[in-house]
Structures are given as C-alpha cells and as structure tokens.
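Enquirer: A single structure is presented below for examination.
Quick note: the coordinates plus some simple rules give every number you see, no bench work behind them. Treat the numbers as computed from the prediction; the structure is a model and nothing was measured. All Cβ positions, glycine included, derive from the backbone under ideal geometry; neighbour counts span all protein chains shown.
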Amino acid sequence: MRNLFLLASSLVLFGAGLFLAGATNSSQIRYVGKTKYLNNAHAIVSHTIDDSTKYVTQCINAMDKYDIKATIFVSTEQDPAPEDRFLTQLQVRELWPRLRQAIENGHEIGSHSRQHPCKRPDTEAWCSATYDDYEVVGSRDDILRLTQQPYVWTWCYPCGHCANYESIQKKIAAAGYIVARNYPDEPHDGHIRPDLQTWDTHPMNAAYTQVVQKRGGAAKSEIIDVANLNAKFDEIYQRGGIYNFMSHPQWLDYGEDGFYERHLAHIARRSDIWYVPMGPLYAYHTIYEKTEVRMLKPEKAKARFELANQLDPKIYSGSITLDFIAPAETIVLSNGKKLVAQSGPVTDHWDREYFRRDGEHLYVTAGSRTILEFQ
Ligand SMILES: [Zn+2]
C-alpha cells in the first residue's frame with residue numbers, strides 16, 4: 001500500500017515536473033549567439049572620403065542629408081597645397097569645427113597623413129623614408145588634439161602608395177591604427193571596383209567595394225552611371241554583405257540630381273542596414289571574435305551572462321549584440337543599468353546599449369565587458 005502510494009506520488013511529481021519544465025521553458029532565457037553585425041542588421045553600408053579639400057564640408061552636408069556615415073580622411077597639415085582645390089595649413093585648421101560636429105553625428109575622422117606624400121613609383125626606400133613618425137604618428141596626434149574623438153582607428157594611404165609593403169604596414173599598425181584603406185593600382189584603374197564585399201582579411205591593406213566619383217588623378221575611366229553603381233550595392237545588400245564605397249569630395253557633383261546624391265538616396269535609410277564608418281566596423285569584427293559569453297548562476301535574476309574579452313577598452317569601446325530567446329515581459333540590465341528599447345536608427349552611434357525585440361528574439365546590444373541580468 002505504502003509502495004503504491006509512493007509510486008502514485010512519484011507519478012504525480014513526475015507529471016508536475018514535466019508540466020513545470022514546459023511552463024519554465026516559456027519563461028526561460030536562452031542564449032542563441034553573437035550577431036555578425038550590430039543589432040542583427042542584415043547588411044552594412046560604410047563610406048570613406050579622402051583628402052583635405054575645400055569640398056569636404058559640402059560632402060559631409062550631403063552625407064548627413066541621407067544619414068550615411070563615413071570615415072573622413074584628412075591630411076592634417078596640407079602645406080604646401082599641391083593644387084588650388086586642396087587646402088592650405090590655415091584652411092585645414094578652419095575645417096576642424098565642422099569635423100568635430102561630424103564626429104558628434106556619428107562620423108569618424110581618419111588619418112591621411114600630415115602632408116599627403118605621394119610619389120610614383122612608390123619604392124620601398126622612398127616609402128620608409130617618407131612614412132616617418134611625423135606623418136604616421138603626428139597626424140594621429142593632430143586628430144586627437146583637435147577633436148573629441150577618443151582614438152584614431154583608421155589610416156588611408158595617400159595616393160594608395162606604399163600599401164603593399166609589409167614594413168610600412170607594420171609602421172601603421174605600430175601607431176595603433178587597426179585598419180588602413182588602400183586605393184589599389186590606380187594607373188590600371190584597379191581602384192575603381194576592387195569589389196570587396198566583407199571585411200578584408202588584410203586590415204593593414206584593406207580594400208573596399210567601389211569608388212563613386214568622376215575620373216580623377218591617374219584614372220583612365222569612371223563609373224558615374226547611377227544604375228550601374230546601384231546594381232553593385234543591390235547585389236551586396238541581397239547577400240547581406242558589407243558595401244564599402246569611397247569618394248574624393250573634389251570629384252563629385254552635388255545636388256539631388258547629381259550621381260553622388262542619387263546613389264546616396266538609393267542606399268540610405270533602410271531599417272535593416274547598419275551605417276557605420278570603417279574604423280568602428282573593423283573594431284566590431286574583433287569584438288565579435290574575441291568576446292566570450294559565459295552563463296552565470298542566476299541568483300535572484302531569471303538568468304545572468306558575463307561578457308568578457310582581453311581587448312583594450314580604449315580601442316574596442318564599441319558595443320556587441322547578443323541574440324536571446326526571451327519572454328515578452330523580460331527586463332534586461334547591463335552592469336546593473338536597465339536597458340531601454342532601441343529608439344530611432346542605429347546608425348548614429350556604435351557604443352550605445354539598448355535592446356530590440358523581434359518576435360521571440362531579444363537582441364541585446366551592450367558593452368563587450370559587462371554582466372547582463374534578465375528579470
Ligand atoms: Zn589622397
């Protein structure tokens with residue numbers, strides 16, 4: 001009799017256990033993984049513009065009209081100015097207030113050296129003599145001194161020269177740059193469409209997708225047919241890739257009827273695209289690869305996770321996004337601070353914390369060294 005009772009009560013307990021397991025599943029938090037792009041965006045648009053010319057301000061204004069985010073490569077001390085469209089040292093100085101405002105709006109300032117040294121052929125001897133601390137480190141320090149930007153992530157080789165030499169790449173990396181954009185083989189039009197559609201595996205000689213600009217410099221041809229330019233973007237967008245395009249502001253037509261703004265209008269304001277400058281884009285990739293996510297004892301919460309990495313927080317200050325399955329009423333805290341739902345586009349900044357719900361998925365965007373607590 002007693003045994004029967006025990007058996008019956010075990011069955012009841014077993015049944016209750018099953019029921020409980022079913023019930024807790026719907027209130028449980030399940031970690032799915034890190035998302036490839038911030039906020040689980042489907043694709044990326046990244047833009048870079050080169051040179052300290054009098055057209056830089058106009059170009060930034062055009063980008064802001066369409067909320068496109070760029071790395072603005074400036075030569076911090078363009079003197080003597082090689083051509084009348086380039087700025088003198090004094091004029092470069094007058095550019096800084098606009099650049100500081102651009103940083104506030106989610107653009108990045110990158111280094112294009114101090115004096116834009118450029119010489120063909122770019123022999124290794126010439127490159128190592130020219131790429132000295134004055135140009136490589138000095139331009140970085142100019143940007144740090146003259147702006148509120150906490151770090152200078154990105155370098156751009158003037159005229160695309162010297163990018164192929166390992167000794168030069170090492171110098172650029174030693175100065176702390178995490179990515180250096182090239183401009184490959186301009187005499188043979190190699191720079192027009194390198195067709196990179198993701199992160200470059202050689203960040204110190206990093207390519208891009210295509211140029212959007214008129215023929216200039218040593219180029220022999222140009223693509224300013226908007227349908228052609230847009231088709232390349234469409235191809236990458238469909239694939240969920242990285243569309244990274246570059247322009248020289250002095251080789252553009254401005255105004256809504258010009259090819260540049262018509263292309264910007266085509267690629268702009270899509271809710272599933274992360275618009276981000278090149279430096280933070282490469283930083284995200286490293287944060288994504290190096291951050292480890294560990295489940296902690298929940299204690300009083302529903303679940304707790306620790307995000308950790310050994311990265312330098314000054315360089316890798318950007319956020320990372322984690323995908324969870326979580327019930328509707330879930331509250332998330334990052335290091336004790338309650339996160340709010342994402343409002344507005346994610347294009348403005350890359351170091352914010354928020355969450356976004358999509359069906360049963362909860363995309364949590366937070367710093368990469370934090371403790372997430374679910375309540
Ligand atoms: Zn240049």
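Enquirer: With +1 assigned to the C-beta of every Lys and Arg and -1 to the C-beta of every Asp and Glu, and no other charges, what is the dipole magnitude of the chain about the Cα centre in debye, to the nearest 20? Mind showing how you got there, number by number?
Expert: Details: 41 positive and 46 negative charges, 326 e Å.
The calculated dipole for the chain is roughly 1560 debye.
Enquirer: Could you check what % of the DSSP bridge pairs in the chain are antiparallel, to the nearest 5?
Expert: Working: 32 of 57 bridges.
DSSP beta bridges in the chain are roughly 55 percent antiparallel.
Enquirer: Return the whole-Å distance between the Cα centroid of the stretch 260-286 and the Cα centroid of the stretch 58-124.
Expert: If you average the Cα positions of each part, the centres end up 19 Å apart.
Enquirer: I'd like the FRET efficiency for R270 and I331, computed as 1/(1 + (r/R0)^6) with the beta carbon distance as r and R0 of 41 Å, rounded to 0.05.
Expert: Given R0 = 41 Å and the Cβ-Cβ separation, E is 0.90.
Enquirer: Work out from phi, with θ = phi - 60° and the Karplus expression 6.51 cos²θ - 1.76 cosθ + 1.60, the ³J(HN,Hα) of each residue of the stretch 78-88, listed in order in whole Hz, and give x for Gly and Pro.
Expert: In residue order, the calculated couplings are 6, 8, x, 5, x, 9, 5, 7, 7, 8, 7 Hz.
Enquirer: Could you work out the Rg to Rh ratio of the stretch 166-275, with Rh taken as the Kirkwood radius (inverse of the mean 1/r over all Cα pairs)? Mind dumping the intermediate values first?
Expert: Working: Rg = 15.0 Å, Rh = 15.1 Å.
Answer for the stretch 166-275: 0.99.
Enquirer: With each label point set 7 Å from Cα along the Cα-Cβ vector, what nm distance links T201 and E306?
Expert: Going by the 7 Å Cα→Cβ label model, 3.4 nm.
Enquirer: Tally Lys and Arg at +1 and Asp and Glu at -1 over the other residues with C-beta under 11 Å from the C-beta of F73: what net charge comes out? Before the final figure, lay out the partial values.
Expert: Numbers: positive: R181; negative: D50, D51, E108.
Net local charge, F73 excluded: -2.
Enquirer: Which semi-axis lengths, in whole Å and largest first, follow from the square roots of five times the eigenvalues of the Cα gyration tensor of the stretch 180-228?
Expert: On the way: eigenvalues 79, 37, 10 Å².
Semi-axes (√(5λ), whole Å): 20, 14, 7.
Enquirer: Something else: Full-extension gain between A125 and Q28, please, as 0.36 nm times their residue separation minus the C-alpha to C-alpha distance.
Expert: Values: separation 97, 0.36 × 97 = 34.92 nm, distance 6.24 nm.
Here the segment from A125 to Q28 would lengthen by 28.7 nm.
Enquirer: Placing +1 on the Cβ of each Lys and Arg and -1 on the Cβ of each Asp and Glu in the stretch 41-282, which of G240, N205, A219 has its Cα farthest towards the positive end of the resulting dipole?
Expert: G240
Enquirer: Using only helices, what value at 222 nm comes out for the chain when you add -39,500 (n - 2.57) per DSSP H run of length 4 or more and divide by the total residues, to the nearest 500 deg cm²/dmol? Please report the intermediate quantities before stating the final value.
Expert: Numbers: 9 runs with 119 residues, N = 375.
That comes out to -10000 deg cm²/dmol.
Enquirer: What is the dipole size for the stretch 247-366, taken about its Cα centre, with +1 at each Lys and Arg Cβ and -1 at each Asp and Glu Cβ, in debye to the nearest 20?
Expert: The dipole magnitude comes to about 640 debye.
Enquirer: Only counting other Cβ atoms within 10 Å, I'd like H285, H248 sorted with the fewest neighbours first.
Expert: Values: H285 18, H248 21.
Final ranking by Cβ density, sparse to dense: H285, H248.
Enquirer: Taking +1 at the Cβ of each Lys and Arg and -1 at the Cβ of each Asp and Glu, which of A62, W274, C162 sits farthest along the dipole of the chain towards its positive end, judged by Cα position relative to the Cα centre?
Expert: W274
Enquirer: Let me ask something else. Test of understanding: what is the full-extension gain from E104 to D351, defined as 0.36 nm times their sequence separation minus their Cα-Cα distance?
Expert: Working: separation 247, 0.36 × 247 = 88.92 nm, distance 1.26 nm.
The E104-D351 span can extend by a further 87.7 nm.
Enquirer: Just how many % of Cα pairs in the chain lie over 41 Å apart, if you round to the nearest whole percent?
Expert: 22
Enquirer: Still on this structure, please answer the following. Using the count of nearby Cβ atoms within 10 Å as a rough guide to exposure, how do E299, E373, E124 rank from fewest to most?
Expert: Working: E299 8, E373 22, E124 13.
Placing the least packed residue first, the sequence is E299, E124, E373.
Enquirer: Another question about this same structure. Between V340 and E299, what FRET efficiency comes out of the Förster formula 1/(1 + (r/R0)^6) with R0 = 30 Å and r the beta carbon distance, rounded to 0.05? Let's see the in-between values first.
Expert: Numbers: r = 23 Å, r/R0 = 0.78.
It comes out at approximately 0.80.
Enquirer: At a 10 angstrom cut-off on C-beta neighbours, averaged per residue, how do the peptides 209-222, 66-79 rank from highest to lowest? Please report the intermediate quantities before stating the final value.
Expert: Numbers: 209-222: 17.6, 66-79: 23.6.
Highest-to-lowest ranking by the protection proxy: 66-79, 209-222.
Enquirer: Strictly over 29 Å apart at the Cα level, which of K171/K220; K314/K338; K36/K302; K34/K69; K170/K290; K170/K232 would you flag in this model? Mind showing how you got there, number by number?
Expert: Details: K171/K220 31 Å; K314/K338 24 Å; K36/K302 26 Å; K34/K69 24 Å; K170/K290 22 Å; K170/K232 32 Å.
Beyond 29 Å between Cα atoms: K171/K220; K170/K232.
Enquirer: Can you tell me the Rg and Dmax of the stretch 264-375, counting just the alpha carbons, in angstroms?
Expert: Reported Rg and Dmax, both Å: 14.6, 50.
Enquirer: Here's another thing I want to ask about it. How large is the dipole of the stretch 33-185 about the Cα centre if only Lys and Arg carry +1 and Asp and Glu carry -1, each at its Cβ, rounded to the nearest 20 debye? The partial results should precede the final answer.
Expert: Details: 17 positive and 20 negative charges, 100 e Å.
Dipole magnitude for the stretch 33-185 comes out near 480 debye.
Enquirer: Scan around V32 for amide H atoms under 5 Å from its own, H built in the peptide plane at 1.01 Å from N, and keep only partners 5 or more places away or cross-chain.
Expert: Those lying under 5 Å, H to H, from V32 are D323, F324, I325.
Enquirer: Compute the long axis of helix 133-146 from its Cα atoms, compare it with the longest principal axis of the Cα atoms of the chain, and write down the angle in degrees, 0 to 90, nearest 10.
Expert: Between the helix axis and the principal axis of the chain, the angle is about 60 degrees.
Enquirer: Something else now. Can you work out the Karplus-derived ³J(HN,Hα) for every residue in the stretch 363-370? Use 6.51 cos²θ - 1.76 cosθ + 1.60 with θ = phi - 60°, whole Hz, and x for glycine or proline.
Expert: Once rounded to whole Hz, the list reads 8, 9, 9, 8, x, 8, 10, 7.
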